[in-house]
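Worksheet: the structure to be examined is printed underneath.
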Amino acid sequence: MAIPKSEFIWFDGALVPWDEAKVHVLSHVLHYGTSIFEGIRAYQTPAGPAILGLKAHVKRFFNSGKIINMPIPFTPEQVSQAIIETVAKNKHNACYIRPLAFRGYEVLGVDPRACPVQLIIATWEWGAYLGADALEKGVDVGVSSWRRMAPDTHPSMAKAGGNYINSQMVVMEAKRHGYAEGIVLDVQGYVSEGSGENIFVVLDGVIFTPPRGNSILTGITRQFAITLAEEKGYKVVEQQIPREMLYIADEVFFTGTAAEITPVKSIDGNVIGSGSRGPITEEIQSDFFAIITGEVPDRHGWLTPVK
Ligand code: PPE
């Protein structure tokens, strides 16, 4: 489905009409994937729209820029304010927010440094990422034949445009096989993540997730899930996960801004647990949704009101 248009896109310091936010075809980013981005959501709460994890996302955005040597020509405070302004001016109750910094038009050739760094912030309304039933019923997924990029190749901790060729190969293969999503192993064969989600595995009451060293993007939602699980008294262990641990897991779930907290009901045709959303997944999920929709107090300060 085409992106549902909003009124404005914030572009290099000002809001411009959606259809006018354009770049030159010789912009460096188009040729070499020279961009960093974020995916953020704003949720509808009784007090108006609120942005989830704004501070953490803006911090990761600047860290991504630092990692790939793309200095963002605004301060974190300016970017945060611009995000709030864009959501407000587009009059969303709830939306997905996409800040993107990229190298623009000046020179071509691999070395990007002479090209200006430009910044856009777009917002649109985006529903459940992995399908309407996914949050409740779970999704069928498969392990990809592709591997996540090795740690000394692409920087997985940077949310950089170029990294997403890997994710695209993973998700296209998964869909070709009839799955909703793919799980990708790292270069050593340990579980890394989904094409656009982090992964958690529940086995014998303990919750496992791959650490930074397994070529993951360090997800903001991943950290929210860890916080909520620990608060409930669960032990969360960051450790290398062999593929077969997925098959014998009691529960598996994905976390991500777009995917939120989505249960996995089968992997490579192996039914996970009872083949539907598991009880620990449900507990963390309902806690998460209660906070982000303002049903219970925002005890961790995760929400930023838009107005
Ligand atoms: N791993 C990858 C590779 C990834 O792209 C995401 C987010 C995550 C983990 C989870 O990170 P976080 O959102 O901070 O919890 N993927 C974004 C892009 C999805 C897209 O299709 O574009 C997202 O969820 O917004």
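The values are calculated or read from the model by the stated rules, or taken from the named source; none is laboratory data. Bear in mind the structure is a predicted one, so any value in this text is a computation, not a measurement. Positions of Cβ are generated from backbone atoms using ideal geometry, with glycine treated the same way; all protein chains shown enter the neighbour counts. When the accessible area is computed, the model is the full protein with side chains, heavy atoms only, and any ligands, DNA or RNA have been set aside. Shrake-Rupley method; radii C 1.70, N 1.55, O 1.52, S 1.80 Å.
Just checking the listed ones, V143, V16, V171: in the Gaussian network model of the chain with Cα springs under 10 Å, the one fluctuating most is V16. Restricting the calculation to Cα atoms, the chain yields a radius of gyration followed by a Dmax of 19.2, 56 Å. Straight-line reach from K137: taking Cα to Cα under 16 Å and skipping same-chain neighbours fewer than 8 places apart, the lysines in range are K265.
Principal semi-axes of the equivalent ellipsoid, √(5λ) from the alpha carbon gyration tensor of segment 156-307, are 24, 19, 15 Å from largest down. In a simple Cβ point-charge model (Lys, Arg +1; Asp, Glu -1; nothing else charged), segment 1-94 has a dipole of about 300 debye relative to its Cα centre. Taking R243, R212, R113 in turn, the Gaussian network model of the chain (Cα-Cα springs below 10 Å) assigns the largest fluctuation to R113.
In this structure, the residue pairs whose Cα-Cα separation is over 19 Å, taken from K5/K89; K5/K91; K59/K235; K22/K59; K159/K235, are K59/K235; K22/K59; K159/K235.
About its Cα centre, the dipole of the chain is roughly 660 debye, where the only charges are +1 on Lys and Arg Cβ and -1 on Asp and Glu Cβ. Taking Q81, Q285, Q44 as the candidate residues, the one with maximal mean-square fluctuation in a Gaussian network model of the chain, Cα springs under 10 Å, is Q81. Remark: spin-label model distance T227-E77 equals 2.3 nm, labels positioned 7 Å along the Cα→Cβ axis.
If the chain linking D133 and D298 were pulled fully straight, counting 0.36 nm for each residue of separation and taking away their Cα-Cα distance, it would gain 56.8 nm.
Counting only protein heavy atoms and using a 1.4 Å probe, what share of the accessible area of the chain belongs to carbon plus sulfur, as a whole percent? Don't jump to the answer; show the numbers that get you there.
Values: 7500 of 13830 Å².
Its accessible area is 54 percent carbon and sulfur atoms.
Placing pseudo-labels 7 Å out from each Cα toward the beta carbon at H24 and M245 gives an inter-label distance of 5.0 nm.
Enumerate by residue number the GluC sites (Glu not before Pro) in segment 32-115 meeting two conditions: DSSP loop (anything except H, G, I, E, B), and at most 14 other Cβ atoms within 10 Å of the site's Cβ. Filter output for segment 32-115: E106. Its DSSP H runs of at least 4 residues, each contributing -39,500 (n - 2.57), put the calculated 222 nm mean residue ellipticity of the chain at -8000 deg cm²/dmol, to the nearest 500.
Two-decimal Rg/Rh of segment 2-48 from alpha-carbon positions, Kirkwood Rh? Each step should come with its number before you reach the end.
Details: Rg = 14.4 Å, Rh = 13.6 Å.
That ratio is 1.06, to two decimals.
Note that the chain presents 45 Å² accessible area per residue, ligands and nucleic acids not counted, probe 1.4 Å. Dividing the mean sequence gap of close Cα pairs (under 8 Å, 6+ apart) by how many residues the chain holds gives a relative contact order of 20 percent.
Give me the percent of Cα-Cα pairs in segment 74-148 that sit more than 20 Å apart, rounded to a whole number. Tail fraction, whole percent: 60.
Could you tell me how many cubic angstrom of Cα convex hull volume segment 1-118 has per residue?
With only Cα atoms used, segment 1-118 gives 111 Å³ per residue.
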